[in-house]
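The values are calculated or read from the model by the stated rules, or taken from the named source; none is laboratory data. None of these values were measured; they are calculated from a predicted model. No Cβ is skipped: glycine too gets one built from the backbone with ideal geometry, and neighbour counts run over all protein chains shown. To get the accessible areas, we keep the full protein, side chains included, count just its heavy atoms, and leave off ligands, DNA and RNA. Shrake-Rupley method; radii C 1.70, N 1.55, O 1.52, S 1.80 Å.
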Amino acid sequence: MMLTEAAKKMPSDISKVIVLDPTKNCPAAQVGAEQIIADFKDKDAIIELATKADIITYEIESGDSDVLKSVQDKAEIEPSPDTLRIIQDKYLQKSFLTENNIGVAEFVKIESLEDLKEKISNFGFPCLLKARRDAYDGRGNYKIDSEQEIEKAFEYFKGQNIMLEKFVDFKMEVSVIAARNTKGQITAFPLVENIHEENILKITIAPGRVSKEISENADKVAKKTMEVLKGAGVFGIEMFVTKDDKVLINEIAPRVHNSGHHTLSSSETSQFEQHLRAILGLELGSTKLIHPTVMYNILGPKGFVGEYKPVSLQEKNAHLKMYGKRESKPKRKLGHFNVVDVDDHESPDALLERVDEISKSIQIEPLAQ
Ligand code: AMP
């Protein structure tokens, strides 16, 4: 939706968007994209899209990289399917980063229960068993606190490829939204601080409350990552700041990222415009953060599935963005709002207080029948 909105502001010869999405009248279609209604992995639909489009990009990383590779003669795919293939598999992703001397938590591939029992002794407790694929928002992690939990954790991932990772006792979770265009130009937005609840992003604070050194270090790590990964586009690079102020990459998303939604209100260029500029080979926009901003995710409440009442927000210097998803489901990302410090005089705590108040006034409630 937000990529389509950004495209619609561009010159008419590059503003046409066709979206492939399984939900009829999906958010992007609601704002003017032509839609192919099909599953994200439907090969025929992807071929149809490649035939109709000049450039294909994606904002979900679970697509089939082989299918995308097979249509490369029909349309340019950005970021490249090879990059997608590496990123989709956490083990390949972390091996790739390690090969390029980019810091990640210690990790190892696990082949069997015996293998896990043996390797876990080098890691100590707690540690994390992770599914290698299709596991965003923490859905594929199992924290093992003691020897007694090893078998249960292994059973939890039955039939899936897994890896073991050292637990990082981090001080803060942060991210950098970086971009590279098809000509090799690289930019990064300033580091932001992310607060998760039950493994889902809840709040992003821009700029993050870290020292200049940490911020510069994260910027370097992000730009180095962009240099080694192929393909153009925006990448969300999630990192841990350790207790001794080191920066380790936790995960890379080869797409516009939830922790970059603040750019819609805070920055000269939004991450969505930046992504389009990157894949179209245009000069990348300024990543300057003009207004400190806090983003709050509006999630579907627990215990309710169904249509919900429209939500509105009248507060000054606060921008609500709902995604037009018809149904709420527990923890579903339905929208977000950005609270903006326009005059640059509110402290992060004051911004967070405003966020807290607004979040209480926004309730997702069932639509009366
Ligand atoms: P993931 O889906 O792997 O990005 O993980 C989701 C969340 O789990 C992260 O945002 C962290 O809060 C936590 N997490 C993931 N890996 C580790 C780790 N090695 N050590 C500590 N916490 C982790």
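Need one word for region 1-136: rounded, prolate or oblate. Basis is the Cα gyration tensor (sqrt eigenvalues a ≥ b ≥ c); a/c below 1.5 gives rounded, then a/b vs b/c decides.
In terms of gyration-tensor shape, prolate.
Rolling a 1.4 angstrom probe over the protein heavy atoms, how many square angstrom per residue are accessible across the chain?
Working: 17800 Å² over 369 residues.
Value for the chain: 48 Å² per residue.
Ligands, DNA and RNA left out, the accessible area of region 1-97 computed with a 1.4 Å probe is 49% carbon and sulfur. Helical runs assigned H by DSSP (4 residues or longer) give the chain a calculated mean residue ellipticity at 222 nm of -8500 deg cm²/dmol, each run adding -39500 (n - 2.57) before division by the residue total. Give me the net charge for the shell around P292: Cβ to Cβ below 9 angstrom, other residues only, Lys and Arg +1, Asp and Glu -1. That sum, taken over residues with Cβ under 9 Å, equals -3.
Of the peptides 354-366, 248-260, the order by per-residue mean of other Cβ atoms within 10 Å, starting with the highest, comes out as 248-260, 354-366. With a simple spin-label model that places each label point 7 Å from the Cα along the Cα-to-Cβ direction, the separation between E353 and K143 comes to 3.1 nm.
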